[in-house]
Every structure is written in C-alpha cells, then in structure tokens.
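J.: My questions will all concern the structure given below.
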Amino acid sequence: MKLWRRGLLLVLVMMFSQGKESEGQLVENFYSASCPNVESIVNQAVSRKRDQTIITLAATLRLFLHDCFVEGCDASIIIASPNGDAEKNFADNLSLAGDGFDTVIKAKQAVEAQCPGVVSCADILAVAARDCVVLAGGPSFPVELGRRDGLISKASRVAGNLPEPTFNLNQLTTMFSKHNLSLTDVIALSGAHTLGFSHCNRFSDRLYNFSPSSTVDPSLNPDYAKQLMATCPIAVDPNIVMTLDPDTPFTFDNAYYRNLVAGKGLLSSDQVLFSDSASRSTVLNFANNADNFNGAFVTAMRKLGRVGVKTVEAQCLGIVSCADILAMAARDCVFFAGGPSFPVELGRHEGLISKASRVAGNLPEPFFDLLQLNTMFAKHNLSLTDVIALSGAHTLGVSHCNRFSDRLYNFSSSSPVDPSLNPDYAKRLMVTCSKEADPGAISNLDPDTPFTFDNVYYKNLVGGKGLLSSDQVLLSDSASQPTVLDFAKNPGNFDGAFVAAMRKLGSVGVKTGIQGEVRRDCTTFNS
Ligand code: HEM
Ligand code: HEM
C-alpha cells in the first residue's frame with residue numbers, strides 16, 4: 001500500500017522536477033504557451049528603435065554574430081561588468097555600436113512587462129537580428145527559440161574567436177567551420193556587410209600599406225580606392241567610418257556581391273571572397289540572383305543561431321504548465337491503476353494566487369448530503385451524473401478514521417452506528433478505527449480492490465460498504481441511486497461517465513494566456 005502510494009508520488013515528483021541545463025535543440029514555437037506574443041513585442045521594440053536611428057539595424061545584426069561566436073548565442077556579449085572585463089570590453093567589441101545593445105535591452109524590457117522571467121536575452125537578440133534584416137528589406141524567416149542566457153562573459157575569452165578583416169578565405173572557413181558553418185555560409189553571412197559601417201583603421205592598410213611592391217591593394221577598384229582615401233586619409237580621426245556597401249548601405253540586398261565583382265569590397269575579408277577561386281562562383285551566383293542569396297543567408301542565419309546554444313534538457317522550459325502536468329498525471333494514475341485512458345485537453349496556465357484563506361467552503365466534505373454535493377459540483381458545471389462518476393475515484397486510496405468515525409460511534413441520538421452501513425463492514429471498521437484510534441489510522445475507501453481502478457466502489461455502495469457518508473448517500477438518495485446501480489452493473493458505463501466527468505473537471509476555471517504563467521518551479525510563483 002505504502003509502496004503503491006510512494007510509486008505514484010515518485011512519478012509526480014519526476015514529472016515536476018526541472019530539467020538541468022545542457023546543449024539541446026531549439027524549436028520555433030518555444031514560447032507559444034508561455035509568451036505567445038514575444039515575437040511581435042520584440043518586433044515593435046526593434047521598429048521603434050529603428051525609427052530613432054537607422055544604425056540599429058546593422059548594429060544589432062553584428063551584435064548577433066559577436067554574441068554567437070564567443071560562448072555561443074547566449075547574450076554573454078550584453079553583460080556589463082563594473083571591472084570592464086566582460087566580453088563587450090574586448091577591443092574588437094568596443095567597435096560594436098551601442099544601438100545594438102540598446103535594441104536588445106529595450107526589447108527585453110517590453111517582453112518582461114508581459115512575460116516576466118520567461119524569455120531569454122539570447123532569444124530576444126536572435127529575433128531582433130532577424131527583424132533587422134526584414135526591416136532593412138531583406139528576407140524573413142522563422143527563428144528557432146529556447147536559448148538560455150550564458151553564465152560566462154569574459155573579455156579574456158574573446159581573442160581568436162572573432163573573424164578579422166585581414167583574414168584570407170582559409171582563415172575565414174577555419175573559424176566558421178568550428179561552428180558548423182560551411183564555405184557557402186561564410187559567403188552568405190558576409191552579405192550582412194550590405195548594411196552598416198567600418199572604421200577606417202580596419203581597412204587603411206589596403207590603401208596605404210598593402211605590400212612593398214604596391215602600397216594600394218591591387219584587388220581594389222582604383223576609383224573606389226580614391227573615394228576611400230578621401231574619406232580615410234592617413235592619420236584620420238579614429239572615429240571616421242565608411243559604409244561597407246558604398247551603393248545601398250541601408251538596404252539589405254545583394255549589391256554587396258556586385259560590389260565585390262567590381263572590386264568594391266571594403267574589407268580585405270570581403271574582397272577575398274571574389275579573389276579566391278574557391279568562393280568566386282558563389283559570389284557571382286549571389287551577385288546575379290538575389291533569391292539565391294536570400295535563401296543561403298536565411299539558411300546560414302538559422303545555423304548561426306544554433307551555435308553553442310544552451311537549452312534545457314527537456315527542451316520545454318517555459319512551455320508546459322504544472323497545471324497541465326497535473327491533469328495528465330491524474331489521467332495516467334487512473335490508467336496505471338487499471339482504469340480507462342482518455343485524451344487530456346491542454347493549455348492551462350498556472351494561477352497567480354494560492355491562499356489558505358480562499359479554500360474554506362470550496363472542497364466537498366465527507367458528511368455532505370446529495371444536495372450539498374450537487375450544489376458544490378454544479379458551481380463548476382458538473383452534473384449529478386458527474387458527481388456520481390467522479391466519486392468513483394474512491395475506488396483507490398484511503399481515508400483517515402476521523403473522516404467517518406462519527407458514522408461508527410456518534411451517528412444520532414437513537415443510533416450510534418449509521419444504519420446505512422453494512423453491519424459486518426461497520427464491525428471491521430471499528431477494529432481498524434477504534435474510538436481512541438491514532439489520528440494517523442486509515443482505512444481503504446474501497447475495502448475489496450483498493451489498488452485497482454474499477455466499478456467495485458459502486459458494488460460496495462449497494463452492499464452498504466461506502467466508507468464516507470458522502471459515498472453511501474449516492475445509493476441512499478433516490479435521485480442518484482439508479483445511476484449507482486447502473487455503474488455497479490456496467491463497468492463500461494462507469495468508465496465512459498468517469499472520462500466525460502474528468503474532462504469537465506479539467507476545464508474548471510482554467511487560465512490561459514496572460515491570465516496566468518508557466519511556473520519554472522511548480523512550488524513557487526515565478527516572481
Ligand atoms: C566573414 C567574416 C567577418 C569579418 C572579418 C567581419 C568584420 C567586420 C568589421 C571589421 C566590421 C567593421 C567594424 C567597425 O569598424 O566598426 C564589420 C561590421 C559589420 N559586420 Fe562584420 N565581419 C564578418 C562577418 C559578419 C557577419 C557573419 C555578420 C552578420 C551576420 C556581420 C555583420 C556586420 C555588420 C552588420 C557590420 C556593420 C556594423 C555597424 O555599422 O555598426 N559581419 N564586420
Ligand atoms: C464527492 C465528493 C468528495 C468528497 C466528500 C471526498 C472526500 C474525501 C475524503 C474525506 C478523503 C479521505 C482523506 C483522508 O482522510 O486522508 C478522500 C480521499 C480521496 N479522494 Fe475524495 N472526495 C470527494 C470526491 C473526490 C473526487 C471527485 C475525486 C477524484 C476525481 C476524489 C479522489 C480521492 C482519492 C483518490 C482519495 C484517496 C487519497 C489517498 O489515498 O491519498 N475524491 N476524499
């Protein structure tokens with residue numbers, strides 16, 4: 001008996017315990033239950049920020065790359081350290097425009113207002129990066145979600161993990177391949193340089209210090225080189241920037257590749273994609289065919305978004321409510337005890353109120369008569385048949401003696417024993433539950449098959465062996481008696497009525513959407 005109850009408890013504890021952190025897969029609809037509007041909230045925040053400054057789009061997109069390449073896409077780039085030793089403080093990251101950080105911070109604030117503690121900054125950055133591409137006129141694509149934010153952000157761990165503008169193709173592919181990104185991905189992702197700016201010092205060697213034989217990089221278009229020299233003279237102010245795509249710097253398009261063909265790649269790592277024969281044909285393809293570029297860019301961005309992500313083992317953090325787990329577990333307990341199985345409707349959110357002071361008067365008492373039972377259950381849209389069928393749950397489990405001892409010793413002035421009790425059964429109960437019984441003493445609710453979910457409970461009622469007064473009354477009262485007799489004779493009828501009633505019970509007062517939350521830990525509110 002004890003073992004049986006412990007077994008069920010174990011199942012529940014396992015179901016309610018949280019998954020531990022590990023690498024895992026992302027899913028597109030990760031927040032559909034816990035924060036269904038997350039993408040539109042982020043989108044609005046990114047649009048508002050773009051309206052303030054167009055730099056937002058390039059800044060956020062670059063931020064995403066720099067986040068993903070160091071510790072994985074985990075928002076570690078956004079951590080601010082009072083000691084100035086976080087990722088963002090690394091020299092190359094100091095050139096990340098502040099508007100990218102601000103975009104994520106603003107979007108996170110907007111998301112928190114609606115779904116506190118649910119959506120990671122890493123996921124917000126991934127969604128925002130996609131939105132920036134779209135807002136600049138590029139392709140849209142679904143973003144996989146479920147990233148957890150990282151716990152490490154150190155400037156000392158950045159060196160060697162970000163691509164340099166001086167890299168040749170081999171160096172680029174070596175670095176990208178560590179993150180499962182192919183040569184095509186390198187070429188497609190570099191197309192992000194269709195947006196934004198570079199500081200002069202990132203390419204000035206191409207203008208003034210290329211090689212002993214040629215001060216200017218010969219792969220540079222001579223007219224373009226002259227334009228660059230005008231903007232970036234020797235010893236230029238270090239803040240001066242040049243657009244990466246000289247033609248359409250605020251539009252996400254394939255002009256970047258046409259520029260490469262014309263010798264107008266700003267960084268050496270851009271131009272090398274056309275100079276190197278291994279990548280040239282793909283550059284030409286993307287230059288001639290915007291759809292091919294868009295398709296390859298989307299594929300590569302989705303791959304980039306998976307780099308080193310931390311997820312929850314169960315892949316379901318923030319998705320499944322404890323309320324739904326309890327509903328499914330209750331169904332499973334019926335089934336494991338030999339009862340019927342049935343589909344459980346899902347989508348409940350957790351409530352935000354749990355007070356002892358609000359319980360009184362809302363739970364059925366073991367001394368209730370049929371009218372009292374009916375009245376309470378009717379408040380929850382449960383009929384008389386539902387009352388009778390659900391009471392059949394007392395085919396399992398136990399009751400403490402004090403819940404029915406009045407039926408044995410203190411029923412009425414004329415008869416201390418409840419006359420509706422079978423006399424033999426009453427005697428047995430008096431043995432288990434003496435007048436001075438230990439308050440821990442218990443008796444099975446179904447004396448015959450207490451571990452099996454069956455219709456014996458109703459047969460017991462017919463035999464005067466209902467343990468609680470509220471059980472026996474179902475036979476005593478003429479309004480419920482015919483249904484009890486039916487269930488006692490026809491287990492199929494009981495099963496059908498029980499399933500129907502359990503499904504109704506499971507829809508009592510459910511909360512969906514923002515009426516509730518999905519608790520991370522079933523025993524505490526999220527905030
Ligand atoms: C292929 C290797 C890459 C190299 C060597 C590289 C290097 C650079 C450099 C040096 C800058 C100029 C930074 C400055 O001076 O302010 C820059 C800007 C930028 N990069 Fe890259 N990058 C690479 C790949 C990528 C990728 C994969 C993305 C995104 C998917 C990206 C997005 C951007 C954007 C949008 C800017 C402009 C930022 C702004 O205007 O604020 N880059 N990159
Ligand atoms: C009809 C009104 C109901 C009343 C008055 C009632 C009352 C009680 C009482 C007094 C106990 C014994 C508690 C104890 O002393 O430990 C009990 C146990 C139990 N009740 Fe009910 N109950 C009712 C309906 C239900 C329903 C609708 C279900 C489920 C669908 C249910 C499932 C159970 C189970 C499984 C136990 C045994 C628990 C265990 O062994 O730990 N009851 N009930």
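J.: In the full protein assembly as shown, how much of Met229 is accessible to a 1.4 Å probe, in Å² to the nearest 10?
T.: Here the residue's solvent-accessible area equals roughly 60 Å².
J.: Now for a separate question. Suppose every Lys and Arg Cβ carries +1 and every Asp and Glu Cβ carries -1, with no other charges. What dipole size does the chain come out with about its Cα centre, to the nearest 20 debye?
T.: Value, rounded to 20: 580 debye.
J.: May I ask for the Kirkwood hydrodynamic radius of region 352-510, worked out over all distinct Cα pairs and given in angstroms to one decimal?
T.: By the Kirkwood definition, the hydrodynamic radius is 16.4 Å.
J.: Which order do the peptides 48-60, 173-185 come out in when sorted by mean C-beta neighbours inside 10 angstrom, highest first? Don't skip to the answer; put the middle values down first.
T.: Numbers: 48-60: 20.5, 173-185: 16.6.
Packing proxy ranking, top to bottom: 48-60, 173-185.
J.: Can you give the angle from 0 to 90° between the axis of helix 98-114 and the longest principal axis of the chain, with both taken from C-alpha atoms, to the nearest 10?
T.: In the chain, helix 98-114 runs at an angle near 10 degrees to the longest axis.
J.: Tell me, how many Å apart are the Cα centres for region 120-169 and for region 337-361?
T.: 40
J.: Now for a different question. Send over a whole-number figure in Å² for the accessible area per residue of the chain, probe 1.4 Å.
T.: Computed with neighbouring chains in place, this is 47 Å² per residue.
J.: Rounded to the nearest percent, how much of the accessible area of region 358-446 (1.4 Å probe, protein heavy atoms only) is carbon and sulfur?
T.: In region 358-446, the share of accessible area belonging to carbon and sulfur is 56 percent.
J.: What full-extension length gain, to one decimal in nm, is calculated for Thr174 and Lys511 as 0.36 nm per residue of separation minus the Cα-Cα distance? Could the numbers behind the result be given before it?
T.: Details: separation 337, 0.36 × 337 = 121.32 nm, distance 5.08 nm.
Going from the current span to full extension adds 116.2 nm.
J.: On to the next question. Show me the three semi-axes of the equivalent ellipsoid for the chain, from the C-alpha gyration tensor (sqrt of 5 times each eigenvalue), largest first, rounded to whole Å.
T.: Listed largest to smallest, the semi-axes of the chain are 72, 20, 19 Å.
J.: Right, here's the next one. Could you compute how much accessible surface Val241 exposes when probed at 1.4 Å, giving the result in Å² to the nearest 10?
T.: 60
J.: Enter the Cα centre distance for the pair region 413-438 and region 377-398, rounded to the nearest angstrom.
T.: Here the answer is 25 Å between Cα centres.
J.: Summing +1 for each Lys or Arg and -1 for each Asp or Glu, what net charge is found among the other residues whose Cβ lies under 12 Å from the Cβ of Gly351?
T.: Taking every Cβ under 12 Å from that of Gly351, the sum is +3.
J.: Quick one: what are the phi-derived ³J(HN,Hα) couplings along region 452-463, Karplus 6.51/-1.76/1.60 with θ = phi - 60°, whole Hz, x for glycine and proline?
T.: Working through the residues one at a time gives 10, 7, 8, 9, 4, 3, 6, 4, 4, 4, 4, x Hz.
J.: Mind listing the phi-derived Karplus ³J(HN,Hα) values for region 156-166, rounded to whole Hz, using 6.51, -1.76 and 1.60 with θ = phi - 60°, and x for any glycine or proline?
T.: Whole-Hz 3J(HN,Hα) from phi for region 156-166: 5, 9, 8, 3, x, 10, 10, x, 9, x, 8.
J.: Further question on the same structure: Report, in debye and to the nearest 20, how large the dipole of region 127-233 comes out about its Cα centre when Lys and Arg carry +1 and Asp and Glu carry -1 on their Cβ.
T.: 320
J.: Average projected area of the Cα convex hull of region 231-383, in nm²?
T.: Here the figure is 21.0 nm², rounded to one decimal.
J.: Decide, for region 22-69, between rounded, prolate and oblate: order the square roots of the alpha carbon gyration tensor eigenvalues as a ≥ b ≥ c, take rounded if a/c falls under 1.5, and otherwise choose prolate if a/b is larger than b/c, else oblate.
T.: Oblate.
J.: Using only Cα atoms, tell me the angle between helix 277-288 and the longest principal axis of the chain; keep it within 0 to 90° and round to the nearest 10.
T.: 80
J.: Lysines near Lys435 by alpha-carbon distance under 30 Å, same-chain residues fewer than 8 away left out - which ones?
T.: Partners within reach: Lys2, Lys427, Lys459, Lys465.
J.: Using the Karplus curve 6.51 cos²θ - 1.76 cosθ + 1.60 with θ = phi - 60°, what ³J(HN,Hα) values do you get for each residue of region 498-504, in whole Hz, with x for Gly and Pro?
T.: Result, ordered by residue: 5, 4, 4, 6, 5, 5, 5 Hz.
J.: Ratio of Rg to Rh for region 113-172, alpha carbon only, Kirkwood?
T.: Here the Rg-to-Rh quotient is 1.08.
J.: Same structure, new question: Per-residue counts of other Cβ atoms within 10 Å, averaged by peptide: what ranking do you get for 359-370, 473-484, 71-82, highest first?
T.: Descending packing order for the listed peptides: 71-82, 473-484, 359-370.
J.: To continue, here is another question. If I take every Cα pair under 8 Å that is 6 or more residues apart in region 352-510, average their sequence separation and divide by the length, what percent do I get for the relative contact order? Present the calculation step by step, with values, prior to reporting the outcome.
T.: On the way: 209 pairs, mean separation 47.7, N = 159.
This gives 30 percent for region 352-510.
J.: Helix 423-432 versus the longest principal axis of the chain: what is the Cα-based angle in degrees, 0 to 90, to the nearest 10?
T.: Its long axis makes an angle of about 60 degrees.
J.: Roughly how many whole Å is it from the C-alpha centroid of region 232-270 to that of region 32-110?
T.: 23
J.: I'd like the accessible area for Ile514: 1.4 Å probe, protein heavy atoms, all chains in place, Å² to the nearest 10.
T.: Solvent-accessible area, nearest 10 Å²: 140 Å².
J.: Efficiency by 1/(1 + (r/R0)^6): what FRET value for Phe451 and Arg520, r their Cβ-Cβ distance, R0 = 35 Å, to the nearest 0.05?
T.: For Phe451 and Arg520, the calculated efficiency is 0.55.
J.: Another one. Against the globular-protein guess of 2.2 N^0.38 Å, express the Cα radius of gyration of region 147-304 as a ratio, rounded to two decimals.
T.: 1.07
J.: For a quick protection proxy, order the peptides 421-430, 434-443 by their average other-Cβ count within 10 Å, most packed first.
T.: Descending mean neighbour count gives 421-430, 434-443.
The values are calculated or read from the model by the stated rules, or taken from the named source; none is laboratory data. All of these numbers come straight from a predicted model, not from anything done at the bench. A quick note on method: Cβ atoms are made from the backbone with ideal geometry, for glycine too, and the neighbour counts reach across all protein chains shown. These accessible areas exclude ligands, DNA and RNA; they are computed on the full protein's heavy atoms, side chains included. Shrake-Rupley method; radii C 1.70, N 1.55, O 1.52, S 1.80 Å.
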